[in-house]
Amino acid sequence: MSWVGHYNYWVAIFLMMSGFYVVISRGNLIKKLIGLNVFSTSVFLLYISMGKIFGGTAPIINEHSQKFQLFSNPIPHVLILTAIVVGVATTAVGLALTVRINERYGTIEEDEIRAKDDSL
Amino acid sequence: MSHLPILQVIIPLLAAPLCIVFNNRRIAWFVALCATWASFGVSLLIAQQVLQSGALSYDIGGWPAPWGIDYYVDSLNAFVLLIVTGISALALPYANRSVEQEIDPRSQPYFYSLLLVCLAGLLGISITGDAFNMYVFLELSSLSSYALIGMGPRRRALTAAYQYLVMGTIGATFILIGIGLLYSLTGSLNIQDISYQLHANNIIGSGNRTLLTAFAFITVGLSLKLALFPLHLWLPNAYTYAPSVITIFLASTATKVAIYMLLRFCYCVVGSESIFQLTLGQIVLLPSLAAIIVSSVVAIFQYDIKRMLAYSSIAQIGYITLGLSMSNHSGLSAAILHMFNHALMKGLLFMTMGAVSYSVGSVYLTDFRGLGRRMPFTMGAFIVGGLSLMGIPMTAGFVSKWMLVQAAIELGWWDVVILILIGSLLAVIYIWRVVETAYFNPLLELEEEEIGEAPLSLLIPMWLMVIANIYFGINSAIPVEFAQQAATLLLGGM
Amino acid sequence: MESVVDIVLLSFLCITVVAIVYIRKLFCAIMLLGIFSLLSASLFVTMDAVDVAFTEAAVGTGISSILLLSALALTHTREQRPPHQPYIALLVVVVTGAVLIYGTMDLPRFGDPNSPIHRHVAVRYIADSPHEVGPPNIVTSVLASYRGYDTLGETVVIFTAGIALVGLLGFRRRQEFKVRLYQPMDKKTSYAENSTEDGDEFEDNIKLPGANHMVLRIVGKMFIPLILLFALYVQFHGDYGPGGGFQAGVIFASGIILYALIFDVETAMRVITPKGLRLLAVAGVFIYGGVGLVCMFLGGNFLDYNVLSAHPLHGQHLGIFLIELGVGINVFAIMVIMFYTFANRKRGSV
Amino acid sequence: MPTSALIELCILIPACGALFIAVSGRSPNLREGITLSTALGLLCVVAALYLRPDALHLAPIILGEPLPGLQFKLALEPLGMLFAGIASLLWVITSLYTIGYMRGNSESHQTRLYVCFAIALASTMGIALAGNLITMFLFYELLTMSTYPLVAHKQDHDAIAGGRFYLGILISTSVGLLLPAIIWVWQLSGTTNFTPGGILGSQLEPATVTMLLLMFAYGIGKAALMPIHRWLPEAMVAPTPVSALLHAVAVVKAGVFCMVKVVLYIFGVELLSASGSNVILTSIAGFTIVTASIIALRQDNLKRRLAYSTISQLSYITLAVSLLTPQAITGAAFHIASHAFGKITLFFAAGAIYTAAHKTRVSELNGIGRRMPVTMCAFAVASLSMIGLPPAGGFLSKWYIFQGAMVNDNLAVVALFLCSTLLNTSYLLPIVYVAFFKKESHPPHNAHGEAPLTMVIALTATAMLSLILFFWPQIPLHLASMLPGVGQ
Amino acid sequence: MDLNIFGNILDILTALFLTAGCFLGISGGIGLYRLPDFFTRQHASGITDSACSFAILFALMLQSGFTMVTIKLFFILIFLIITSTTATHALAKTALFKGQKPLLGREDNH
């Protein structure tokens, strides 16, 4: 378990946890979405760093790639292509809700919204 | 060459864009109706085939299992498919009048399209044999359900949808991490193949730490999705403020599919005989008992009846996970059967709520005063739903409660038996609160006279559910058959 | 040498994330998020994941920044109060982090060639895909053919996000739908709760002040066709190098959005009408689904391109080309729809 | 007309009756006509069933099968026959009485009352004819549900509170204790069918048997054993015909009936006597008899006094069964009949007094005998039956139970009997004495005569029945002799 | 031999341009931090935008000789030249229009 061997994973985990922290602790709705974005992007980092091979190259078979036999694993790339798009879709829906909340409540701070609801 | 499994998902998936082509409310509803009924027919055919000739398998794109994505239908997910398509087939005719009153006319075609996408997502999850494909369709169904809840009539629907989005996405990302770690251990994404790899190079026995963490994350992610007790905070708001049709649809199906995923990952991937499995049983036992008792007690003090029923859903999910945590044959079949019965009960109860909010406008306890006389059919349906929730004989609820208690006695867990019965007694209290106000409190004179019975298009699906509730109370041969076959399958390991 | 670049980029990432956590001006947070995505895209390049880097740059930075900024334009740019009780959150985060790190103990080392994922399924993709599916870019062949169904799911996810936005926000700002909400006697909720603020007159929506931005118009006129051309290049180059439907769709959409920013959304909406966009989005999904159905009618399984033409390789080639086209159209239409829905909202009232 | 169709008719007639009554809610005459005709129809069917020789050993009829191996089953056996006979007979008389009472007091929501009456009777028939524990539990719950609207009939505050209390206790005991007990029996024996001689086999250790017996004893809340008897006095808020039929015939009798069936057909006499767990049941029943009678002494409200007397009389039956001797079991079966006729007369009399004189308290009854001679005579006859003196049927049942106790020379039970009989006399006879031999303390403002005619007819009919029971006891005795543990 | 000399001249040139690019980038960064008001800071960011990226791109073109990569790099160079300068212009114009006043020199020292 050498230190260098897992540096990538630990950084990915640190990024995940800071994204997670922003989502949990911040009250501002848009800040939460930014946290959510960081959280999912760092998961992609974890996936891709799994697929990397030292001395390998991008999984494209063309004239440049003859001198390599090792290619990095294409499956994580496919999965992450899907996951990025899913992340953007979730952010878009989240932002639409935030805009509607701002119009109906006049604020996007969670505790102000809760205050407005409870005051009814 | 049976294309049934793929047709099951493709019909709603491709009908969804069709809804918004014409941007006309009526056509969108009609397309959605045909799509749901067609997918219900397909799921009936699949169930029939599975009962006769065992599991179906379908390789998408022609590539065999670990390389391509394959659909694998055994008696467990054939049963879940039946539940999801059955409920949607009943919810759609209900939706016509109820959506007209609650959703802005211009966004109704999009509403129906999103509903179909959510249905396709749920079906996709229950039928696929590939882990990442399950994640994609999980994301598909949750994304559309965030938007659907957000379209609710009251402004609090937006905050409820937002809260559900944040917690749902965190749950989904946890599942993604779990699948990633599983992938890094086995190199494949197909569930059966993962299980084979894990057993082949005995990763399971050696107490591999990554496997443990992968499972921890998948279980936490899924319990966020199925609102297991400590992680259920999003559910009451989401179900209360969503449009009535969505509450009916989600309450009966979304949590069931999440439970199916939990069953699939726990039992098929790891296999039941490993010691690992027992610890999972213990982990799930405590929250489900807490769910049964605490959320039933909270449900008693609720002022808004839809919120009360939402809390009672959390309690009922507690029953299902309780059956799951027993990890013996009768406990598991009781859990699977209760998935079906709970879908019937909750679908019926939320349909009555939809009818009341259609004719009265809102579902506070005070609105129910004197409804017994004004809306006899709706309140009659509510009583049958309530009886089924309490577990009175002749109703579907009784059968699953009977099996659950029997399984608990088989294991000699007497404290669990007592808790189950206390749970159903608490259910008696919060159901009877509503019945009492509906029938025995005189209607206030000054309330306007025009509160009439709900329109026929709401009543027919409601009373179909009543008949289903009673029919499956009298002879539940088919669901019990499915549940027991599925339980033997799960315990025998894929 | 390679790992030094790796470590430097990773440390940049950590710095950016810490900045994101503590900054309170939302505008800067979004910019930092853009930087974060770009850094992770460059990291993906060093980890030989070129397709993902392209997508992350185009979709992750491009589109989400545009969406975040347009949403920000409608709400407040300043985060009010610092977090109320960070300690519970910190505890939860630390615990999850610890569990995760505990989990990575048994993970194979970073980049070691004989870890399980390289030996099991990927071997066949790398070895057989050139002569089984055809395109040199293995990622595209896996994306479109082996796991083509995932991409269909993904396209429908994008489609769902688009119609969710139109359902929630709608193309035109309109009077909120008045629900016949009867409040019982003792709950004093007035009707105000459900009605919205003032009427519906059109204030200037998101448009650069002083529309006669001469310099921008000229440069824009010069570059928008090039952007669109580049998008088509990326679309059809997907088989041979990094690229494909998603990235092409996004670039095409960014061309249109640039046009809308420079020449006012109204004119852009006259050029690319919302009705047309909606049909394009539907067409995209139908092309993809249609290819699958055609394969079924021709006797193969769903999305089995071998049956599309006499020679299986040509069939695969045709199939991949068509579905990439479907994906490109769908993503383009949805991205522009998303931009329209945000751009047409009136400036937030408060 | 095959016998099995007859059995099903027993339940179908009241059920369809309820439907027709609900539909014909608008016109009172049609509604009352339907009630009476259904009651008479049911009586004829039950009588026909009794006359059929092959009725008792007929193959059970399966209604439904919720779980493989778990069926809803109807089967006829002697005790069920007796109970069905009594219930249908008294339903005819009670509907007659109810029509008079309702007309007299012009109550509201009458349709709902009649509908729930019919459903209650249907479920009573169901309990009587149940083939296994599950069917019995089903109709037991249905009975609770259908009697709740009757108890909460007046819809004022304390009626609703009474109804809530009534439902609370009955549901919590049935779901809380009876259901697990049934499931445990299902677990132990694999079946819940009522088979003469018991299904639990003999190798159960005494602790489990006692535990199971206690769960059943307290699970059947309707048998009103001591700690869970509170619902019966609370249910007195209901109008008198309701409390007459339900709390003298349908509800409480169903409870005790289930108790007897469980003891005879699930545990079986041999198992209980072997494990000696019946001693506990005897002590509980004895304790209930004594304390209920003492409380009845102090009750000034006539209906509450009758309620507590019902509680003590019910425990007579439970006590008799728990003695397990043949004579005691015959006495128990017989007491079901005699107590039904006696107690219903007392409740009718209380209703008549309330309708005519609007008096509910015992202390106000001075000299009422002169004004309402027929009612008070019927009251006197019924009290004789309760106490167990010769001309009334009650004497025979006490006679048999007393004999049963003497057989295994259970002196404690004998002593208990004596003092309970004394207590009975002390809380019933003073009413009769006061009514006839005391002057009216304060002359009532309206010089009222007898109660309306229909009520008086019903009164006298039930009084005559308890007398007939004494002179021609063949039918109940013949049925009782065929019970397991009695016949061979 | 000459190839070799020719080769390392290219390397020296690339190293030269790379260091120039880095220096310009860092100075732009420091300028961004130190300069007082918006418009001056924008001048500093202008440097990083244009000069620094041009130098680095040119160095890369030298490295890759006559291949497709050089042509692509050349197109990127042209694209950057036009767009980054226009971006700075647009930023400045909007800031001015939105009422962002430049920090003028103090009256007393002219």
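The values are calculated or read from the model by the stated rules, or taken from the named source; none is laboratory data. What you are looking at is a predicted structure, and each value in this text was computed from that prediction instead of being measured. Here Cβ is always computed from backbone atoms with ideal geometry, including for glycine, and neighbour counts include all displayed protein chains.
Looking at segment D:142-200, which of its residues are among the aromatic types (Phe, Trp, Tyr) and in contact (Cβ under 8 Å) with a residue 60 or more places away in the chain?
Those that are among the aromatic types (Phe, Trp, Tyr) and in contact (Cβ under 8 Å) with a residue 60 or more places away in the chain: D:165, D:166, D:186, D:194.
Out of D:486, D:434, I need the residue that is surrounded by fewer than 23 Cβ atoms within 10 Å (Cβ to Cβ) and either charged (D, E, K, R) or outside any helix (DSSP H, G or I) (or both). Which one?
D:486
Return a yes/no flag: does segment A:64-76 have any residue that is in contact with a Leu (Cβ under 9 Å, 6 or more places away or on another chain), at pLDDT 90 or above and within 7 Å of chain C (Cβ to nearest Cβ).
Within segment A:64-76, none of the residues are in contact with a Leu (Cβ under 9 Å, 6 or more places away or on another chain), at pLDDT 90 or above and within 7 Å of chain C (Cβ to nearest Cβ).
Give B:181, B:158, B:198 a once-over and let me know the one that is facing chain C (nearest Cβ under 7 Å), modelled with pLDDT under 95 and part of a helix (DSSP H, G or I). Let's see the steps before the verdict.
Values: B:158 fails: facing chain C (nearest Cβ under 7 Å); B:198 fails: facing chain C (nearest Cβ under 7 Å).
Only one candidate passes the filter, namely B:181.
If we keep just the residues of segment D:168-179 that are facing chain B (nearest Cβ under 9 Å) and surrounded by 23 or more Cβ atoms within 10 Å (Cβ to Cβ), which is nearest to residue D:203 (Cα to Cα)?
Ranking the candidates gives D:179 first.
Select from segment D:130-159 the residues that are facing chain B (nearest Cβ under 9 Å) and assigned to a loop (DSSP other than H, G, I, E, B) and write down the one among them that is modelled with the lowest pLDDT.
D:155
Residue C:304: within 23 Å of residue B:67 (Cα to Cα) and touching a Pro at 6+ places or on another chain (Cβ under 8 Å), yes or no?
In short, no.
What single numbered condition from (1) surrounded by 17 or more Cβ atoms within 10 Å (Cβ to Cβ); (2) aliphatic (A, V, I, L, M); (3) free of Cβ contacts under 8 Å to residues at least 60 places away in the same chain; (4) within 11 Å of chain B (Cβ to nearest Cβ) fails to hold for residue C:138?
For residue C:138, the failing item is (4).
Just checking, does segment C:150-172 include any residue being more than 7 Å from every other protein chain (Cβ to nearest Cβ), over 26 Å from residue C:46 (Cα atoms) and either assigned to a loop (DSSP other than H, G, I, E, B) or at pLDDT below 80 (or both)?
Yes, that holds for at least one residue.
At least 3 residues that are farther than 24 Å from residue B:146 by Cβ in each: list the helices (runs of 4 or more DSSP H) lying fully within segment B:234-349 that qualify. It would help to see each step written out before you state the result.
Values: elements: B:234-241, B:244-263, B:275-290, B:296-300, B:305-326.
In segment B:234-349, B:275-290, B:296-300, B:305-326 are the helices (runs of 4 or more DSSP H) which contain 3 or more residues that are farther than 24 Å from residue B:146 by Cβ.
Given the conditions (1) over 20 Å from residue C:55 (Cα atoms); (2) more than 7 Å from every other protein chain (Cβ to nearest Cβ); (3) buried (at least 22 other Cβ atoms within 10 Å of the Cβ); (4) of a type in the set (Gly, Ala, Ser), which single one is not true for residue A:55?
In the conditions (1) over 20 Å from residue C:55 (Cα atoms); (2) more than 7 Å from every other protein chain (Cβ to nearest Cβ); (3) buried (at least 22 other Cβ atoms within 10 Å of the Cβ); (4) of a type in the set (Gly, Ala, Ser), residue A:55 misses (3) alone.
Among the residues of segment A:79-112, write down those that are at pLDDT below 90, in contact with a Leu (Cβ under 7 Å, 6 or more places away or on another chain) and over 21 Å from residue A:35 (Cβ atoms).
A:104 - this is the single residue of segment A:79-112 that is at pLDDT below 90, in contact with a Leu (Cβ under 7 Å, 6 or more places away or on another chain) and over 21 Å from residue A:35 (Cβ atoms).
State whether the residues of segment B:205-217 include one that is in a helix (DSSP H, G or I), over 19 Å from residue A:46 (Cβ atoms) and within 31 Å of the chain's Cα centre (by Cα).
Scanning segment B:205-217 turns up no residue that is in a helix (DSSP H, G or I), over 19 Å from residue A:46 (Cβ atoms) and within 31 Å of the chain's Cα centre (by Cα).
Would you confirm, using the coordinates I've provided, whether residue D:373 is under 17 Å from residue D:342 (Cβ atoms) and exposed (fewer than 15 other Cβ atoms within 10 Å of the Cβ)?
Here the answer is no, as residue D:373 does not meet what is asked.
Could you check residue A:41 against (1) surrounded by fewer than 24 Cβ atoms within 10 Å (Cβ to Cβ); (2) at the interface with chain C (Cβ under 7 Å from one of its Cβ atoms) and say which number it fails?
Evaluating residue A:41 over (1) surrounded by fewer than 24 Cβ atoms within 10 Å (Cβ to Cβ); (2) at the interface with chain C (Cβ under 7 Å from one of its Cβ atoms) leaves (1) as the failure.
Which count do you get for residues in segment C:209-262 that are touching a Lys or Arg at 6+ places or on another chain (Cβ under 9 Å) and either basic (Lys, Arg) or not assigned by TED's automatic domain parsing to the domain that holds residue C:337 (or both)?
Qualifying residue count for the region: 0.
Does segment A:7-37 hold any residues that are farther than 22 Å from residue B:175 by Cβ and touching a residue at least 60 places away in the same chain (Cβ under 8 Å), and which are they?
Result: A:27, A:28, A:29, A:30.
Which one of the conditions (1) in a helix (DSSP H, G or I); (2) more than 8 Å from every other protein chain (Cβ to nearest Cβ); (3) at pLDDT below 90 does residue C:72 fail to meet, given that it meets all the rest?
It fails just one condition, (2).
Among the listed residues B:380, B:361, which satisfies the condition of being more than 23 Å from the chain's Cα centre (by Cα), more than 19 Å from residue B:424 (Cβ to Cβ) and free of Cβ contacts under 8 Å to residues at least 12 places away in the same chain?
Testing whether each residue is more than 23 Å from the chain's Cα centre (by Cα), more than 19 Å from residue B:424 (Cβ to Cβ) and free of Cβ contacts under 8 Å to residues at least 12 places away in the same chain leaves just B:361.
Can you tell me which residue among C:39, C:33 is part of a helix (DSSP H, G or I), more than 7 Å from chain A (Cβ to nearest Cβ), more than 14 Å from the chain's Cα centre (by Cα) and modelled with pLDDT of 90 or more?
Among C:39, C:33, only C:39 is part of a helix (DSSP H, G or I), more than 7 Å from chain A (Cβ to nearest Cβ), more than 14 Å from the chain's Cα centre (by Cα) and modelled with pLDDT of 90 or more.
Looking only at segment C:260-317, count how many residues are in contact (Cβ under 8 Å) with a residue 24 or more places away in the chain, more than 13 Å from every other protein chain (Cβ to nearest Cβ) and not in a helix (DSSP H, G or I).
Residues in segment C:260-317 being in contact (Cβ under 8 Å) with a residue 24 or more places away in the chain, more than 13 Å from every other protein chain (Cβ to nearest Cβ) and not in a helix (DSSP H, G or I): 2 in total.
Could you tell me whether residue C:184 is modelled with pLDDT under 85, surrounded by fewer than 23 Cβ atoms within 10 Å (Cβ to Cβ), in contact with a strand residue (DSSP E or B) (Cβ under 6 Å, 6 or more places away or on another chain) and on the phi < 0 side of the Ramachandran plot?
It is true that residue C:184 is modelled with pLDDT under 85, surrounded by fewer than 23 Cβ atoms within 10 Å (Cβ to Cβ), in contact with a strand residue (DSSP E or B) (Cβ under 6 Å, 6 or more places away or on another chain) and on the phi < 0 side of the Ramachandran plot.
Of the residues in segment D:62-103, how many are aliphatic (A, V, I, L, M), surrounded by 23 or more Cβ atoms within 10 Å (Cβ to Cβ) and in a helix (DSSP H, G or I)?
8
Taking segment B:343-382, which residues are within 9 Å of another protein chain (Cβ to nearest Cβ) and β-branched (Val, Ile, Thr)?
Across segment B:343-382, the qualifying residues are B:360, B:366.
Restricting to segment D:382-395, give me the number of residues that are in a helix (DSSP H, G or I) and surrounded by fewer than 24 Cβ atoms within 10 Å (Cβ to Cβ).
Residues in segment D:382-395 being in a helix (DSSP H, G or I) and surrounded by fewer than 24 Cβ atoms within 10 Å (Cβ to Cβ): 2 in total.
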